[in-house]
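These notes are about the structure you will find just below.
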Amino acid sequence: MKKIAVLQSNYIPWKGYFDIIGMVDEFILYDEVQYTTNDWRNRNRIKTPSGPVWLTIPVLHNRRFGQRIDEARVSDRRWPKKHCQSLLTYYSKAPFFKVLFPSLEAVYASCADEERLSAINRAFLQWVCDALGMVTRIRSSLDYPSDGDRNERLVALCKLAGAGAYLSGPAARQYLDVAMFRENSIAVRWMDYSGYPEYPQLHGPVFRHDVTVLDLLFNVGPEAAWKYIKSPRPDAKRDRVAV
């Protein structure tokens, strides 16, 4: 039974986001919905000696109500250099930083002239998936044109993608019409974010789960990272994409 998940793109999100990707056969980026400010779409946190610090992609404020995520545009193209410098400052002593940073820096360089937030987010999502060896197919909801309200659209995406199961984050319990999915022969599964183990982490004794997945990768590396996430490791017989 094919399983999919549908989420808005985030900027280098935390490990739980990649667990959802790793637990499904196809991951659909749902960026045709309203862009929300002060959210995870254009920013995420890193850990520093003084506590968590935001890395933020500056986005133009569109006065038109209802700007979509895939309509959001970058307002200052100097952000890649600033973010790279912050990562150098706070993670250069991490065990796997020197191994991973060159290819990550190349992604930052490739995004320097990209103005679309969605495209930037997707580039970094793919880099992390490649680093972890995740083979889940990533697509856009625009690849499956349909209409309807929020629940109807999600059901339609499942049907168009040929999915018999839908994996959702726990926050969607507030609005997801499980009965509608059931009526369309689609099983709903819920992601559980509890119980993540701690890993060796720089900058002080207080452990932080709520930081970008880069913290995990820089501190323990892609191979050991599988000990600290919940999604099943890809079949060893399947080709892994080199970082």
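Which is aliphatic (A, V, I, L, M) and surrounded by 16 or more Cβ atoms within 10 Å (Cβ to Cβ), of 225, 187, 179? Explain how you work it out, then say what you get.
Details: 187 fails: surrounded by 16 or more Cβ atoms within 10 Å (Cβ to Cβ); 179 fails: surrounded by 16 or more Cβ atoms within 10 Å (Cβ to Cβ).
Exactly one of 225, 187, 179 is aliphatic (A, V, I, L, M) and surrounded by 16 or more Cβ atoms within 10 Å (Cβ to Cβ), namely 225.
One line per residue, one yes/no per condition, for (1) within 15 Å of the chain's Cα centre (by Cα); (2) under 24 Å from residue 211 (Cβ atoms); (3) among the aliphatic types (A, V, I, L, M):
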residue: 58; (1), (2), (3): no, yes, no
residue: 81; (1), (2), (3): no, yes, no
residue: 103; (1), (2), (3): no, yes, no
residue: 126; (1), (2), (3): yes, yes, no
residue: 134; (1), (2), (3): yes, yes, yes
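If only one of 112, 94, 119 is in a loop (DSSP other than H, G, I, E, B), of a type in the set (A, V, I, L, M, F, W, C) and within 26 Å of residue 62 (Cβ to Cβ), which one is it? First the steps, then the outcome.
Details: 94 fails: within 26 Å of residue 62 (Cβ to Cβ); 119 fails: in a loop (DSSP other than H, G, I, E, B).
After ruling out the rest, the residue left standing is 112.
Six or more apart or on different chains, Cβ atoms under 7 Å: show the pairs whose first residue is in the range 54-76 and farther than 15 Å from residue 122 by Cβ and part of a strand (DSSP E or B) and whose second is among the polar types (S, T, N, Q) and at pLDDT 95 or above.
55/44; 55/86; 56/42; 59/42; 59/75
So, residue 215, is that one at pLDDT below 95 and farther than 19 Å from residue 28 by Cβ or not? Step through it out loud before you land on a result.
Values: at pLDDT below 95: no; farther than 19 Å from residue 28 by Cβ: yes.
The answer is no for residue 215.
Does the range 209-216 include one or more residues that are among the aliphatic types (A, V, I, L, M), without any contact (Cβ under 8 Å) to a residue 12 or more places away in the chain and not in a loop (DSSP other than H, G, I, E, B)? If you could, list the steps in order and put the result at the bottom.
So in the range 209-216, the residues among the aliphatic types (A, V, I, L, M) come out as 211, 213-214, 216.
Keeping just the survivors that are without any contact (Cβ under 8 Å) to a residue 12 or more places away in the chain gives none.
No, that holds for no residue.
Counting just the residues of the range 38-74 that are touching a strand residue (DSSP E or B) at 6+ places or on another chain (Cβ under 6 Å) and over 30 Å from residue 93 (Cα atoms), which one comes out modelled with the highest pLDDT?
Among those residues, the one meeting the criterion is 72.
The values are calculated or read from the model by the stated rules, or taken from the named source; none is laboratory data. Predicted model only: the values in this text are computed from it and were never measured. Here the Cβ is made from the backbone with ideal geometry for all residues, glycine too, and neighbour counts use every protein chain on show.
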